[in-house]
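Below: the structure, in C-alpha cells.
Please treat every number below as a calculation from the coordinates, not as lab data. Just so we're clear, the structure is a prediction, and the values are computed from it rather than from any experiment. No Cβ is skipped: glycine too gets one built from the backbone with ideal geometry, and neighbour counts run over all protein chains shown.
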Amino acid sequence: MWKKIALFILKNRLSLIIVLALATAFMAWKAREVEMSYDFANVVQQDDPDMIYFKRFRQTFGEDGNVLVIGMHDSAIYNLSNFREFKNLSDAVAKVEGVKAVISLPGLVSIEKDTTERTFTPKKIFEPFPTTQKELHTLLQKVKDQKFYEGLIINEQTGATLLAVTVDPAYLNSARRVEVMDNITAQTEAFAEKTNIKVHYAGLPFVRAIMTTKVASEMKMFLGLALLVTAITLFLTFRSWSAVIFPLLVISVAVIWVMGTIALFGFKISLLTGLIPTIIVVIGIPNSTYLLTHYHLEYRKHGNQVLAMARVVSKLGLVTFVNNATTAIGFIVFTFTNIALLYEFGIIAGINIFVTFFVCIILIPTVFTYLPPPSPRQLKHLDAKQLSKLLEFISFIVLKKRHLIYFFTILASGLAIYGVSKMKTVAFMVDDLPEESSVNADLKFFEHHFNGVMPLEIVIDTGVKQGVLKLNNLKKLDKLEAFLKTQPILSAPISVGGLVKTATQAFYNGDPKSYRLPDNTERNFIFSYLAKQGKGENKRLLRNFVDTTGQRTRISLRVADVGSRELDVLLNTKLKPEIRKIWGGEEVKETDEGNTMTFQREGADNKQSISLTGTTLLFLKGNEYLINSLGMSLLQAFVLVTLIIVFLFRSSSAVVITLIPNIIPLLLVGGLMGYFGISLKPSTALIFTIALGITVDNTVHFLAKYRHDLAANGFKVREAISSAISEAGTSMMYTTVTLFFGFVIFAFSEFGGTKALGILMSLTLLIAMFTNLIVLPALLVTFDKGRYTYEPNAPIEDYDEFSEEENADEDPELLEIKKELEQTDSREV
C-alpha cells in the first residue's frame, strides 16, 4: 500500500501542493476568529452534588469570586493629605466601567438609630471629610468602634487596610476583564506614585486577568522559541538550509491548521490549548527528521533522488503513521473525560498531530524532489564519529553486559517505586504562578494581614421561612462564627449575625460593648427597627446574606491559599466536627451528601442543612477530579497502545517487550517527583499520558527496523540488534534531541504547570531514549533468541515494499515518474 502512496505523491506533487496551499489558506482565514478564553475553567462534572449546589448558591446570592482586593500597609495612609487621596482613589475606582461597588475605609458607614422613624439609618463616617488631623483620628477611632468591620477592612494590630472592589460578572467572563483591571490599576498606580504608598493586589478577578494576559504572551514566545530551537537543531544535524527551511514550512502549515481547527470547533485559547501550537512544532519536527535522515541514507546508496524518496515513503510511511498515531493517543484519550478543558486540548492536539503527518508526508517528498540532490557535505551527518562510537558502545553492552543492564534497571526501578510512594497530591489556587511572582508576593501580604482572599462560603438552611432571624438559629450561627475566628487561615466572617449585632450596637447608640446578639427582651424592639428597613444600603446589605424567604443565610469567608491538603484537614477534621457539635446531638439524625450536612431532630418536620461551597472548594475538587481523570486516561492510553502493537506485530511477546522500556521512564520520573517533593497535580499528571504516546514512537521505530533486519539476515538476533541500534539509533537520537530541546523551552514559563511540563517531559523523553536503545534490545536478545517466527499477516512485516537492489531503471512506474520530473525540471529551467 505504501509503495502506491509513494508513487501517487511523486506523480501528483504539484497538484498536492496546490490543494494543500488552498486548504491552508482557508484555515488561516478561519484562524482570524480565534479568541482568548476568559471563563473560569470549571472541571467538576455538572451533575456533581457540590456543583449543583454551587449553581444554586450563585442564583440566590450571586457570584462569590468577583471581588478584587487592593491592600496597603503604611502608616502614611493615615496622614490627612494621603487619606484624602485614598478617598479620591476609592471614588475613582467606583466610577470605572465594570465596577459594581467599592468598600473602603474612607467610604465606611455607621448604623445609627432613628427614634422618630423607629428605624436604623446608615451614615457615612467620613462625611463631611475631616479638615484636620485631629478630626481624622477621631473618626478613625469611630471606625474601630464599629466592630462589624474588625479584621475585614482594617487590621488594628498591623494598621493594614484594603479596598474591596466588586466587579460585574459580565465583565469577568469577557475580553473586557483585562480592560477593567487595567483601568483600576491605572488609578491605583497613580495613587501610589502621588503618595509613595505601595499597593498590593489579589482576588480571583486580578489573578485571572494576569493569567489570561500571560497565556497570550507565552503562546507567542514559546512558538517563536520552538521554531528557533528546531531550526538550530535541524541545521546542526543536516548542515543544509533547505533541511531547515522546508521542515519549518511544514510545521508552520501545521500551526495554521491548529489555529484554524480551534476556530472551526468554536473553542477558545486556554492555558492548555495555548500550548498546542508549540507542542505541534516540537513533536512534528521528528517526522521531517525521520524522512530526511532516511532520504539521505537511501540517496547515498545509489544516488537516485526519485528512488530514494519513494523508498523513504514506502519504508517509513507505516512506521511514521503509527508513531503519530501513538503520539496522538497520548492526547486523544483526554477526550474520553467529561472535562471540557481536557476534551478541547485532546481533540485539537490529536487531530493536528495527524494533520502534521499528512502535511509532512506530502511536502517533504514533493519539495525535496524539486530541490537539487544532497551534497556530500550535507551527508556528513550520517558518519558522525562520536554518535557512531556511542552507538557501538550501546551495542557492546547490550550484547555483552546484559546482566549489568538488568541489575541497574531493577535497582533504579526499585528506588523509583519508593520515590513514587513519597509523592503527594496537592493543588493551590494560584498554583501555576511562580513563587517569586508579584501575584504570590501580594497574596502573602493579604494572608499575613487578613488571613487570605480566596472565597469560601457556608450556607445555613434553617428549614422554615423567616427562620434565619429566630434567636436560637442566630445563636448557633454565632457559635460557628466564634469557632471560625479561631482558625488562622480564615478571614473574619461576614454574616447576618454580624448585621444583627451591629443593629444591637446601634440601638444602644453605638456602644462597642453592645456589639452582640439581642436577648429575648431586646429582640422585639431591635427587630421592629430592622423590619422597617425598606430601602437603602442596610437593606441591600441584608439581602446579600439572607434569601428572599428568610430561610437561608450565608457566612462569607476568605481563606488563605494553603493548598488542597491543609484545606481538606480544616474542612473534614475541624469545621465539620464543629458543625456537628453545634447542630447535632443524640436526638438528631445526620445525613451527608458531598459538602452538605443535613440535621433533623426526632419528631420535627423540618430539616436544617449546612453546606460548604464557593469557588475555592470547586476549584480544589476540580483538581482532584482532574488527577483521577488523568489516571484513567493513562490507563486508556496503555490499552490503545497495546492494541496498536498487537495489530502491527501480531505477537503477545512484542506487547510486553514494548511496554517495559516505556513504563520504566514514567516510573523513574514519578520517583524523582517523590524525592524532590514535586507534587502530583493536574499539570504534572498530564505528563505521563503525553509522554507514553511519544516514547512509544521510538519503540515502534526500533522494533520495525529490528524485525526487518532479522528477516533479511536469516533470523540472527544479535546481528539484527546490532544493525538496528546502528541505523535506527541514529534517527532515534536525532529525534530525542529535537524533542528534548523543544520541550525544555517550556521551563522558561512563568506558569508552574507549564514549567513542570517542560522539565519533566524532557527528562522523561531522554530516559526513554536510553531505555529504548539499551533495555529494549537487551530484552530482545534475551527473550527473542531462537523463538522468532515470521508472521505474514503482520502489517509491519511488509513495510519495506521496495527491495534494496531495486532501482529506478527497473521499475516502470518509477521510470515514468523520473522522466516526468526531468521534463518538469527542464520546462522550469
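How about Lys220: which lysines have a C-alpha closer than 22 Å to its C-alpha, ignoring those fewer than 8 places off in the same chain?
Answer for Lys220, where 22 Å is the Cα cut-off: Lys30, Lys268, Lys755, listed by chain and number.
Once the cut-off is 45 Å, how many percent of the Cα-Cα pairs in the chain end up in the long-distance tail?
41
For q = 0.14, 0.16, 0.18, 0.20 Å⁻¹, what log10 I(q)/I(0) does segment 66-202 give under the Debye formula with an equal point scatterer on each alpha carbon and no solvent?
Each listed q maps to, in turn, -0.68, -0.86, -1.04, -1.22.
By DSSP, what percent of the beta bridges with both residues in segment 66-202 are antiparallel, rounded to the nearest 5?
Taking every DSSP beta bridge within segment 66-202, about 95 percent pair in antiparallel fashion.
Alpha carbon centre of segment 692-767 versus segment 24-89: separation in Å?
43
Which value does Rg/Rh take for segment 596-676 over its C-alpha atoms, Rh per Kirkwood?
Details: Rg = 23.2 Å, Rh = 17.3 Å.
Taking Rg over the Kirkwood Rh, I get 1.34.
Between segment 573-589 and segment 269-326, how many Å separate their Cα centres?
Segment 573-589 and segment 269-326 have Cα centres spaced 64 Å from each other.
How large is Rg over Rh for segment 241-281, taking Rg from the Cα atoms and Rh as the Kirkwood inverse mean of 1/r across Cα pairs?
On the way: Rg = 11.8 Å, Rh = 10.9 Å.
Taking Rg over the Kirkwood Rh, I get 1.08.
Which percent of the Cα-Cα distances in segment 696-775 go past 22 Å? Mind showing how you got there, number by number?
Details: 1129 of 3160 pairs.
For segment 696-775, the share of Cα pairs beyond 22 Å comes to 36 percent.
Wrap a convex hull around the Cα atoms of segment 665-721, take a quarter of its surface area, and give that in square nanometres. Show your work: numbers first, answer last.
Details: hull surface 19.4 nm².
Hull-based average projected area comes out at 4.9 nm².
Per DSSP H run of at least 4 residues, take -39500 (n - 2.57); add these up for the chain, divide by its residues and hand me the 222 nm value, nearest 500 deg cm²/dmol.
-21000 deg cm²/dmol
At 30 Å minimum axial length over the Cα atoms and a Kyte-Doolittle cut of 1.6, report the qualifying DSSP H helices in the chain, or say none.
Those that pass (Cα extent of 30 Å or more, hydropathy at least 1.6) are 242-265, 340-370, 652-675.
For segment 378-412, which trypsin sites (Lys or Arg not before Pro) pass both filters: DSSP loop (anything but H, G, I, E, B) and at most 14 other C-beta atoms within 10 Å?
Qualifying residues, ordered by number: Lys401.
Roughly how large, in nm² to one decimal, is the mean projection of the convex hull of the alpha-carbon atoms in segment 381-487?
16.4
I need the phi-derived Karplus couplings for segment 64-78: 6.51 cos²θ - 1.76 cosθ + 1.60, θ = phi - 60°, integer Hz, Gly and Pro marked x.
9, x, 10, 10, 9, 10, 10, x, 8, 9, 7, 4, 5, 5, 8
Which whole number of Å³ per residue matches the convex hull of the alpha-carbon atoms in segment 263-386?
Numbers: hull volume 16.2 nm³, N = 124.
Once divided by residue count, the hull of segment 263-386 is 131 Å³.
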